[in-house]
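First comes the structure, then the notes that go with it.
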Amino acid sequence: MIELSVALEDRSYPVLVGAGARHRLGEVLPSGVRRVAVVTQSSIPVEVDPGVDHRVFTMPDGESGKDLSTVEDLCRQWAQWGLTRGDCVVGVGGGVVTDTAGFAAAVYHRGIPVVHVATTLLGQIDAAIGGKTGVNLPEGKNLVGSFWQPSAVLCDTEVLSTLPAREYRNGLGEMAKYAFLGVADLADLSLDEAVAACVACKAEVVASDEREGGRRAILNYGHTLGHALETAGGYDLRHGEAVAIGLIYAAELAHNLGRISATRVQEHRSVVAGYDLPMVIPPGSDPEQLIALFNRDKKAIDGVTFVLDGLNGVEPVRITDTDLLRQSMEGLL
């Protein structure tokens, strides 16, 4: 078992990575917890035993279940059960579950503890770490949410063997991102080591900028176009697949701005191709719609902002030239 920590002073918490990590749940619950509300989906074949009185609450499958109505349903069911501030929520699943359960925990009784048992690769290396919780609106992804740090995160690599091939590849889209955030030789690491390396990278960034006031924005590398593709809808794309396309677009945009060389663009393409991820925008896409959706991104405070590679590494860059955004997209259509 690899034990890591997200260092946030008095709110620091452990992250356990390895086969069987889910069985350590009882050890990482906050002291004094009497009851646990386990939030999961019917399609997730993972059971946990917190070692105290608990009840399972099932939320809808798929991204469509990550909305405000699900949060209301969970909170009402918890209230009917009598869940209190002295109890705890445990999210068992991928990013949809941990984002939703985490947000519900953040607003129920103005905040109760939450522990995440991440069951997907994407959840283990990204979604469950860092305390960003939230749900979607029809107008965009993750537009309603809060920062609510978990008490612990368990990344059980044993359960990843139960994932369908495409769901596993979904996580590889986020893993590809870390290759450009300073995690070296990812392809040469064992699964446990690769997950732990990504967790360590994200934990370090989160510790330096918990509420995304600056540096933490780099964790959204590839996400501006990725989220636009997801919001536009109508495409057969998972989140990690959309992010992979976003990584290629960000590289092309950075190259057109003179920030990186053609060789560096090819490095992006090689990493993404090495994970067998898509690198082109789906047929039938409307570039003007996607560009318009860039303005709904959470980073778009003063115009369209992209996270782009450069001589100083990956960093947020404000873009005012719409023609450049359109031109950079041409090679991906």
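The values are calculated or read from the model by the stated rules, or taken from the named source; none is laboratory data. Owing to the predicted nature of the structure, the values given are computational and were not obtained by experimental measurement. Using ideal geometry, Cβ is built from the backbone for each residue, glycine included, and neighbour counts are taken over all protein chains shown.
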Report task. Could you please find all residues in region 272-331 being among the polar types (S, T, N, Q) and either part of a loop (DSSP other than H, G, I, E, B) or exposed (fewer than 13 other Cβ atoms within 10 Å of the Cβ) (or both)? Result -> Ser285, Gln289, Asn295, Asn312, Thr320
Requested in this report: Identify the residue in region 133-169 that is modelled with pLDDT under 95 and within 12 Å of the chain's Cα centre (by Cα) and, among all such residues, is surrounded by the most Cβ atoms within 10 Å (Cβ to Cβ).
Outcome: Lys141
Query raised in the report: Hey, among Ser43, Ser12, Ser5, Ser69, which residue is surrounded by fewer than 16 Cβ atoms within 10 Å (Cβ to Cβ), at pLDDT below 95 and of a type in the set (Ser, Thr, Tyr)?
Result: Ser43
Report summary line: Here, strands (runs of 3 or more DSSP E) confined to region 92-167 with at least 2 residues that are β-branched (Val, Ile, Thr) and in contact (Cβ under 8 Å) with a residue 40 or more places away in the chain are 114-118
Requested in this report: Kindly indicate whether any position in region 229-239 is out of contact with any Ser or Thr (no Cβ under 6 Å at 6 or more places or on another chain), among the polar types (S, T, N, Q) and either assigned by TED's automatic domain parsing to the domain that holds Leu163 or in contact (Cβ under 8 Å) with a residue 60 or more places away in the chain (or both).
Outcome: yes
Report summary line: Out of (1) part of a helix (DSSP H, G or I); (2) more than 23 Å from the chain's Cα centre (by Cα); (3) more than 20 Å from Tyr13 (Cα to Cα), the one Glu27 does not meet is (3)
Report summary line: By residue number, the members of region 69-87 that are in contact with a helix residue (DSSP H, G or I) (Cβ under 8 Å, 6 or more places away or on another chain) and either of a type in the set (Phe, Trp, Tyr) or outside any helix (DSSP H, G or I) (or both) are Trp78, Leu83, Thr84, Arg85
Report summary line: Only one of Leu308, Leu257, Leu277, Leu247 is modelled with pLDDT of 95 or more and in contact with a strand residue (DSSP E or B) (Cβ under 6 Å, 6 or more places away or on another chain), namely Leu308
Query raised in the report: List the pairs whose first member sits in region 285-306 and is farther than 22 Å from Leu219 by Cα, whose second member is modelled with pLDDT under 95 and surrounded by 14 or more Cβ atoms within 10 Å (Cβ to Cβ), and whose Cβ atoms are under 7 Å apart, counting only residues at least 6 apart or on separate chains?
Result: Gln289/Ala232
Query raised in the report: If you check Thr58, Thr98, which single one turns out to be crowded, with 18+ Cβ neighbours inside 10 Å, in the same structural domain as Gly131 (by TED's automatic domain parsing) and closer than 21 Å to Ala127 by Cβ?
Result: Thr98
Report task. Report whether or not Glu267 is surrounded by fewer than 20 Cβ atoms within 10 Å (Cβ to Cβ), in a helix (DSSP H, G or I) and of a type in the set (Asp, Glu). Result -> yes
Requested in this report: Select, from Glu139, Glu174, the only residue that is closer than 17 Å to Gly274 by Cβ and of a type in the set (Asp, Glu).
Outcome: Glu174
Query raised in the report: Would it be correct to say that Ala217 is farther than 27 Å from Asp323 by Cα, in a helix (DSSP H, G or I) and among the hydrophobic types (A, V, I, L, M, F, W, C)?
Result: no
